[in-house]
Each structure stands twice: as structure tokens, then as C-alpha cells.
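Please treat every number below as a calculation from the coordinates, not as lab data. Note that the coordinates shown come from a computational prediction; the quantities given were computed from them, not determined experimentally. Reconstructed Cβ throughout: ideal geometry from the backbone, glycine too, with neighbour counts over all protein chains shown.
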Amino acid sequence: MPQDAAPPRGAPASDIDPFTPKNILDPYTWHHELRELGPMVWLSRYGCYFAPRYAEAYNIIADYQTFCSSAGVGFTNFNKETPWRQPSMLLEADPPEHTRRRAIVGRILSAPNLRAFRAGFEVEANALIDRLLEAGEVEAMHDVAQAFVLKVFPDAVGIADGDRMNLIKYGTMVFNAFGPKNAIFDDCMKDAAEVAPWIMERCLHKNLKPGKLGDQVYQAVAGGQITEEEAPILVRSFLSAGVDTTIYAVGNALWSFATNRAEWAKVKANPALVKQAFEEVLRYESPFQTFFRTTTRDVELAGVTIPGNEKVMLNMGSANRDPRKWERADVFDISRDVRGHVGLGYGIHACIGQMISRLENDVLFTELARRKVDFEMTGPVQHIVHNTLRGISRLPMRFKQG
Ligand code: OVM
């Protein structure tokens, strides 16, 4: 650490590279180091600022006028470089355009509008649990998290069966593209020419099942609330943001419980705890870790002056384990007061799909708990090497009737 050199632009500098495979696989060590270094850190390898602590991350997210999203929420600054795909009309947009679209999509993804899906999700969860108990040993990412989410979520959007692995391939591109253009990015982009057009085809009205969530976006076009051009790109947001995130959340939940057996015992004894336990999973192993904002003007934050049109990096995993905010931050404790975690963001860009993601998790884990199912690791866990998401690639487990 070049502490003797003058800290660039008033912030302490670090040459830590958050995007090496080693640091991706063990994020919590460098999160800790950078939180201790200061409230705003200059990442010298990338030439951008990082706010590793909870308080600054919270303030940055709250101030969407100064820290905007329309220049992209990845490392790429859309003011300087062309994005790899047409920007999202929700995620990569600012008010006022964002506000109008968000209101429409928010209504479609609201809890009351999703209630009708619960019974169907329960049928799928129970069929899956039957299979798991019969199989005994499984690879839980493929056989539980993917199996469940790739069934219920695309069904809810109204996507036809078949080739659904393309949804995961696409999500992998979208989320890795928020990071620097490294080998991880290059590797997953190999599929782009094939998968990106497949996704756009699935977003067309004629390919969406009537009455489901995707079709409801087109109903809003008929109602004059959004334009014909916006509709497929808004449906694309469902497919970009809703698959990998929820799959990794389910995986992170299974792993957190399997390695903290007393916490699963509490849930099994009282399935009503599933909801708050899921919030603790989002804090403890936040699936969406790293993202960026772009300054719209010179701004002072925590004594550091950041010029306009600069990228500021945030990490929800780091904010969610900041000991300044959380007692025993590195402990998975479903009984804690987890309010204020930023695993789903916060403010005008807070996860718009959180109600359906919660519903998926709630149904799956409530059925597991209600049926007194136990699960344990049967081999070592393997995490994904990913620029943005914290998730698991291999989760060998045994399921049994508890
Ligand atoms: C989108 C989108 C894509 C990825 C993530 C996300 C977390 C949104 O296309 O709108 O939100």
C-alpha cells in the first residue's frame, strides 16, 4: 500500500484488484482491508473510487441526482464508451424517464399482482422436494436452485419451455459486463452472438404467453402508459435481472443453512421465520455485490472531492458486513435485526423484482421447512468466478426427511 505517496485526489489509494479470481473467491478479506483504509478509497488499478463502508454506500445510493445510473451501473462509463447492449430502460436510466417506466413495471411486479402465482410455485416446489428426497445426493445448484427458478420464473413471465439455459448464459453476460473487460468478461461474451438475439426474440409480444407478466407490459402499451419501443426492452429487464440473481440467492441460502445448522433448525421448528431468514441471507451472502454510479458534478463525500463524470464503485457485500453498522457482521444469524441491509439496493433503483424473488425463495424454503426436510453438504462448495455476483457453481448436498 503506497501510504507514503500522496493519496490521489484526497483519498487513500489501494492497488488491491477486486476482480482477480482469488479476490472474487474470497471477497471478505479485501472488503475488510478497504473498509479499514477509509470511507472513500482510490482503486489505483482501475482509476476509480470505492465506498467500502455502509454509511457512504447508503448515501451514494440515496443521492441519485449526484450519483446517476444513466452512464451505466458498471465500470464502463456510457459517456465515454459505447455499452455492449442497448441500455436498460430501468437500471441504466435516471428520472424522469425512469420514474414513469418504473411506476408501470412496479405495479406489474407488486405483491398483490403476484399473489396468483403462489399456488403454482408451491406445486412446483413440492414436486421438486419429492425428487430431492428420492435422489438423496444432488448437486444443489443444478438440481435445486436452477431447477426451481428456471421453471417458475420464466413461466411467470410467460416464456415458452425449451432452451432456458440461455437465460442463465444471458444473465452471466449482463452481470459480468458490469465489471471491467477482463478475461471473465471475454469468456462469457463468447455466447453473445447466439444468446442475445434469442433473448430479444423471447421479449416480443407474440412469443409471450397471454396474461403473464411479460404480456402485462404490452398491455400497458395498449393503455398508452409506455411506448411500443419500450415494451420489449422492459421485458428484457425481467430476463436479465430475474434469473441468475434468484438462483444464486437460493444457492447462497442453502449453503448458509447447511453451514449453520442451528439456523435451519430454527426455521424448521417455525417456518414463519423463512422470510426474515431470507433477508439475513441477502445481507450475509449478497448475490449482487459490485456495482457503480457516475458523478454528475464535482462532489465532496467523506472529505474527498470527486470530480464530475467519474465512476464510484459500491459493494453491497461489503456494506452489508460493515461492523460499523452490524454487530457480529460475519455471523449468519437469522434472529438479528437485519433491517437496512442493502442486498436489494435502496431508493429509486431498489430491486424492482424483489417481490417475485422473495416469493420464489419463500415458497421453496417454506415447503422444505414445513416438510421438515434436512440437507447437508456432501463435498466441498465451489464459488463462481464472476465480476459482479456472489454465488456458487457446485453445491454437493444430501436431502433427507428430518
Ligand atoms: C436490466 C437489469 C439487468 C441486470 C440487473 C438489473 C439488478 C437490471 O436489464 O434492467 O438489476
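Summary of values
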| read-out | value |
| --- | --- |
| Anisotropy class of segment 319-396 from Cα gyration tensor, a/c 1.5 cut | rounded |
| Neighbourhood net charge (13 Å Cβ-Cβ; Lys/Arg +1, Asp/Glu -1) for ASP298 | 0 |
| Interchain or long-range residues, amide H under 5 Å from ARG394's placed H | GLN382 |
| Anisotropy class of segment 241-298 from Cα gyration tensor, a/c 1.5 cut | prolate |
| Kirkwood Rh and Cα Rg combined as Rg/Rh, segment 240-363 | 1.03 |
| Two-site label geometry, ARG394 and HIS142: point separation in nm, points 7 Å out along Cα→Cβ | 1.1 nm |
| Derived scalar couplings ³J(HN,Hα) [segment 140-153; Karplus, 6.51 cos²θ - 1.76 cosθ + 1.60; whole Hz; x for Gly, Pro] | 5, 5, 6, 8, 10, 5, 5, 4, 6, 5, 5, 8, 6, 6 |
| Along each principal axis, Cα extent of segment 192-254, largest first, Å | 42, 28, 18 |
| Estimated dipole of the chain in Debye, rounded to 20 [Cβ of Lys and Arg +1, of Asp and Glu -1, Cα centre] | 720 debye |
| Segment 95-156 and segment 262-333: distance between their alpha carbon centers, rounded to Å | 23 Å |
| Beta bridges per DSSP with both ends in the chain, % antiparallel, nearest 5 | 80 percent |
| Neighbour net charge for LYS169 - beta-carbon separation under 12 angstrom, K R +1, D E -1 | -3 |
| Whether segment 71-185 is rounded, prolate or oblate, judged on the alpha carbon gyration tensor where a/c under 1.5 counts as rounded | oblate |
| Sites matching GluC sites (Glu not before Pro) across segment 211-248 that sit in DSSP coil, with at most 11 neighbouring C-beta atoms within 10 Å | GLU228, GLU229 |
| Local electrostatic count at GLU201 - Lys and Arg +1, Asp and Glu -1, tallied over other residues with Cβ under 12 Å | +1 |
| Karplus 3J(HN,Hα) series, Hz, for segment 265-276 with 6.51 cos²θ - 1.76 cosθ + 1.60 (x for Gly, Pro) | 4, 4, 5, 4, 6, 8, x, 5, 7, 4, 4, 6 |
| Protection-proxy order for peptides 40-53, 152-165, each taking the mean of Cβ atoms within 10 Å per residue, highest first | 40-53, 152-165 |
| Cα-based Rg of segment 169-277 normalised by 2.2 N^0.38 Å, two decimals | 1.44 |
| Residues LEU109, LEU213 arranged by fewest to most Cβ contacts within 10 Å | LEU109, LEU213 |
| Where only C-alpha atoms are counted, convex hull volume of the chain per residue in Å³ | 132 Å³ |
